[in-house]
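Below is one structure, written out as structure tokens, with a few remarks after it.
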Amino acid sequence: MGKKGDENRNGPAQQHLDLSRMLAERGVTRRDFMKFCTAMSAALALPVTFAPKIARALDEVQRPTLVWLEFQDCAGNTEALLRAANPTVAEIVLDILSVDYHETIMAAAGHQAEEALAKVVREQKGKYIAVVEGSIPLKDGGVYCCVGGRTAVDIAREVCGNAFATITAGTCAAYGGIPAAAPNPTGAVGVKAAVPGATVINLPGCPLNADNLTATIVHFLVFGKLPATDSHGRPLFAYGKRIHDNCERRPHFDAGQYVEKWGDTGHRKGHCLYRMGCKGPETWHNCPSQKYNDKTGWPIGAGHGCVGCSEPQFWDTMTPFYRRLPQVPGFGIETTADKIGLGLASATALAFAAHGVISAFRHGDESEGAKED
Amino acid sequence: MAKPCLYEKYIWEVPVRVSHWLNFFSIIILSVTGIFIGAARTVALEPSQFVMGWVRFVHFVTAYVFSVSVLARIYWMFMGNKYAGWREFLPFLYRDGRRDMLEALKYYTFIGRKVPNPAGHNAMAGTAYLAVFLLYLVMMATGFALYAEHATGSFLHRLTGWQFVLFSNQGIRLTHHLVMWLLIGFAIHHIYSAWLMDVKERGGVMSSIFSGYKAVKAKE
Ligand code: HEM
Ligand code: SF4
């Protein structure tokens with residue numbers, strides 16, 4: 001990202017770019033570019049035969065404008081993007097986009113920067129893409145997050161409401177994420193909840209996988225529309241499969257080989273983390289195939305259970321992270337569902353045993369056969 | 001006064017008894033496999049083994065048997081004789097039923113000495129079975145929702161998906177797990193009450209669920 005050609009500063013929203021020239025300038029070979037297109041078709045769960053199509057589409061691409069808003073966040077998604085695994089090509093593809101506003105990386109500051117944003121909204125209504133990172137607080141009029149004197153919800157309404165589409169980068173922007181965890185002091189919500197009228201595509205994850213962001217944008221550039229989504233607004237190509245069903249440790253799950261203690265033999269041998277509270281069975285994300293950091297690793301691969309970070313309200317519903325089941329409301333931290341269940345069954349047995357003893361010594365209450373009715 | 005004649009009356013029809021025993025065996029199998037699924041231990045030496053795989057397979061096949069049995073029994077509430085009928089499970093909706101409930105409650109709490117002894121279910125038992133049938137439906141709804149998770153967008157997933165909108169995924173799992181313990185608690189109570197009534201009513205409740213017949217006094 002970062003450096004943009006001069007021609008886009010005042011130009012119209014859509015322009016032809018000579019991608020081949022840009023690639024050559026950056027020292028990227030055609031072969032690397034084709035490799036990138038193949039990787040993208042894989043990320044999009046398309047057949048390999050789509051790679052040339054993607055290449056052609058990217059060659060002839062029109063340039064949409066992109067603005068990146070940050071609200072209650074840690075900038076982790078920006079970090080993930082800046083450290084993207086395929087920096088050369090992915091960066092250039094993102095360079096195709098005219099990133100007119102991004103607080104972390106733009107050179108402009110203050111009113112000048114805000115003016116750039118206002119200009120995009122004014123001049124490219126319904127055409128630009130907004131990316132949002134971080135949750136939006138609604139409590140007390142939204143005062144807990146202000147940029148340039150305006151509340152996050154106010155900015156989001158204007159920017160996301162007028163965008164062609166909004167991509168939420170990370171769980172906070174998608175569903176409120178960690179700022180929305182109980183007791184949610186700022187009344188944080190995701191973009192769709194804050195701006196119900198906006199067209200939103202959710203890319204949750206903590207952080208999101210930059211490959212999925214690139215793939216979503218490539219999908220948009222190639223097909224001219226947004227990818228199909230699930231009921232949580234997440235693209236199916238990236239969130240259509242459950243982690244548990246694609247996990248490299250799944251054979252150990254099916255066999256019956258589990259890590260029972262951190263650092264035990266099973267852990268060292270790479271057995272399944274189910275007993276250690278892995279939330280792979282309730283989380284939808286392509287981490288097992290797409291992975292992070294140049295496809296070198298991902299949490300379960302590194303020996304830590306999945307915490308379900310790409311699911312709505314994960315901080316509240318997936319905890320305790322190192323237990324399979326949530327705590328039963330009203331009971332202590334150490335009380336598991338099974339302890340409660342066993343207690344209940346034993347109490348029942350005891351109560352009825354007592355009832356039985358009394359009944360056995362009680363006479364004169366016998367009857368002789370049921371009454372006919 | 002001459003003792004009224006006792007005769008064997010056909011109370012529990014075949015579908016009632018078949019569904020009762022299918023439920024009995026399914027719940028045992030589902031609980032044993034379910035406890036293993038919930039608190040898995042390392043049982044395999046080789047990754048090529050398939051212990052958890054088989055346990056889950058047995059759980060799911062039994063789950064289908066159980067569901068068909070429960071649905072068939074619900075169907076029979078409308079098609080079978082009056083002892084199988086849905087009114088037996090809702091005694092609190094009508095006056096006689098409420099009176100019978102009170103009597104049964106008095107007997108169970110040692111306040112009254114008159115053992116309830118109807119030909120079918122006593123009113124308290126009927127109410128308890130209503131609760132149990134609701135728990136069965138909860139198990140089926142949550143179970144099939146969890147089951148459908150491996151096939152996103154499938155028919156079953158869309159059929160059960162509303163639960164994930166209303167409750168969290170983990171909440172559904174916890175419910176599925178906790179209700180098992182409620183059913184185990186019910187089983188303890190159920191076997192005890194059947195024994196108690198067998199002894200006190202002397203109508204042969206215990207054998208009636210095998211044979212279908214109970215000893216009933218002829219009207220004078
Ligand atoms: C009386 C009936 C049932 C009992 C007692 C029972 C018990 C259990 C228990 C204790 C668990 C472990 C839960 C956990 O800790 O995560 C479980 C898991 C499960 N049960 Fe059931 N269950 C019953 C009926 C059903 C039905 C009707 C279905 C429908 C298909 C079903 C499908 C499942 C599934 C899919 C799982 C999760 C398996 C996994 O994550 O690998 N169960 N069951
Ligand atoms: S490690 Fe987690 S996701 Fe992988 S098989 Fe085990 S439970 Fe499933």
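The values are calculated or read from the model by the stated rules, or taken from the named source; none is laboratory data. Predicted model only: the values in this text are computed from it and were never measured. Cβ atoms come from the backbone with ideal geometry, glycine included; neighbour counts cover every protein chain shown. Accessible surface areas use protein heavy atoms only, side chains included; no ligands, DNA or RNA. Shrake-Rupley method; radii C 1.70, N 1.55, O 1.52, S 1.80 Å.
What the table below lists for this structure:
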{"quantity": "Averaged over B:146-157, number of beta-carbon atoms from partner chains that fall within 10 Å", "calculated": "3"}
{"quantity": "Whether segment B:6-217 is rounded, prolate or oblate, judged on the alpha carbon gyration tensor where a/c under 1.5 counts as rounded", "calculated": "prolate"}
{"quantity": "Unpartnered cysteines - no second Cys beta carbon under 4.7 Å - across the protein assembly as shown", "calculated": "A:CYS37, A:CYS74, A:CYS145, A:CYS146, A:CYS160, A:CYS172, A:CYS247, A:CYS272, A:CYS278, A:CYS287, A:CYS306, B:CYS5"}
{"quantity": "For segment A:241-373: rounded, prolate or oblate by the Cα gyration tensor [a/c cutoff 1.5]", "calculated": "prolate"}
{"quantity": "Cut-off 14 Å between beta-carbons: net charge of the residues surrounding B:PHE110, Lys and Arg +1, Asp and Glu -1", "calculated": "+3"}
{"quantity": "Solvent exposure, largest accessible area first (probe 1.4 Å, DNA, RNA and ligands not counted), of B:PHE60, B:PHE50", "calculated": "B:PHE50, B:PHE60"}
{"quantity": "Threshold 40 Å² - residues in segment B:176-190 whose accessible area is reduced by that much or more when the chain is no longer isolated, probe 1.4 Å", "calculated": "B:HIS177, B:LEU178, B:TRP181, B:ILE188"}
{"quantity": "Å³ per residue enclosed by the Cα convex hull of segment A:178-322", "calculated": "120 Å³"}
{"quantity": "Heavy atoms of B:ARG87: accessible area, 1.4 Å probe, square angstrom to 10", "calculated": "130 Å²"}
{"quantity": "Percent accessible area from carbon and sulfur atoms, segment B:46-148, protein chains only, probe 1.4 Å", "calculated": "71 percent"}
{"quantity": "Shielding by other protein chains, A:353-361, mean Cβ within 10 Å", "calculated": "3"}
{"quantity": "Modelled FRET efficiency - R0 56 Å, B:PHE110 with A:ALA75, Cβ distances, 0.05 increments", "calculated": "0.20"}
{"quantity": "Longest DSSP-loop-exposure-free segment, chymotrypsin sites (Phe, Trp or Tyr not before Pro), chain A, at most 14 other Cβ within 10 Å", "calculated": "A:1-261"}
{"quantity": "Integer Hz, Karplus 6.51/-1.76/1.60 couplings in order for segment A:303-316, x for Gly and Pro", "calculated": "x, 10, x, 5, 9, x, 5, 9, 9, x, 6, 5, 5, 8"}
{"quantity": "Gyration tensor verdict on segment A:116-232 (Cα atoms; rounded if a/c is under 1.5, prolate if a/b is larger than b/c, oblate otherwise)", "calculated": "oblate"}
{"quantity": "For A:CYS309, solvent-accessible area (1.4 Å; no DNA, RNA or ligand), Å²", "calculated": "30 Å²"}
{"quantity": "Alpha carbon Rg of the protein assembly as shown, scaled by the compact-globule rule 2.2 N^0.38 Å", "calculated": "1.28"}
{"quantity": "For segment A:136-210 and segment B:192-210, distance of Cα centres in Å", "calculated": "63 Å"}
{"quantity": "Relative contact order of segment B:1-77, pairs being alpha-carbon contacts under 8 Å that are 6 or more residues apart, as %", "calculated": "47 percent"}
{"quantity": "Delta accessible area of at least 40 Å² on complex formation, residues of segment A:329-345, 1.4 Å probe, chain isolated as reference", "calculated": "A:ASP338, A:LEU344, A:ALA345"}
{"quantity": "Other-chain or far-sequence residues with amide H under 5 Å of A:HIS102's (modelled H)", "calculated": "A:TRP68"}
{"quantity": "Pairs beyond 26 Å (Cα-Cα), from A:LYS127/A:LYS291; A:LYS119/A:LYS139; A:LYS35/A:LYS291; A:LYS119/A:LYS291; A:LYS241/A:LYS339", "calculated": "A:LYS127/A:LYS291; A:LYS119/A:LYS139; A:LYS119/A:LYS291; A:LYS241/A:LYS339"}
{"quantity": "Probe 1.4 Å, protein heavy atoms only - accessible area per residue of the protein assembly as shown in square angstrom", "calculated": "47 Å²"}
{"quantity": "Local electrostatic count at A:THR151 - Lys and Arg +1, Asp and Glu -1, tallied over other residues with Cβ under 15 Å", "calculated": "-2"}
{"quantity": "Peptide B:165-175, shielding by other chains (average Cβ, 10 Å cutoff)", "calculated": "5"}
{"quantity": "Fraction of accessible area attributable to carbon and sulfur, chain A (%, probe 1.4 Å)", "calculated": "58 percent"}
{"quantity": "Accessible surface buried upon A-B contact (total; probe 1.4 Å; Å², nearest 100)", "calculated": "5300 Å²"}
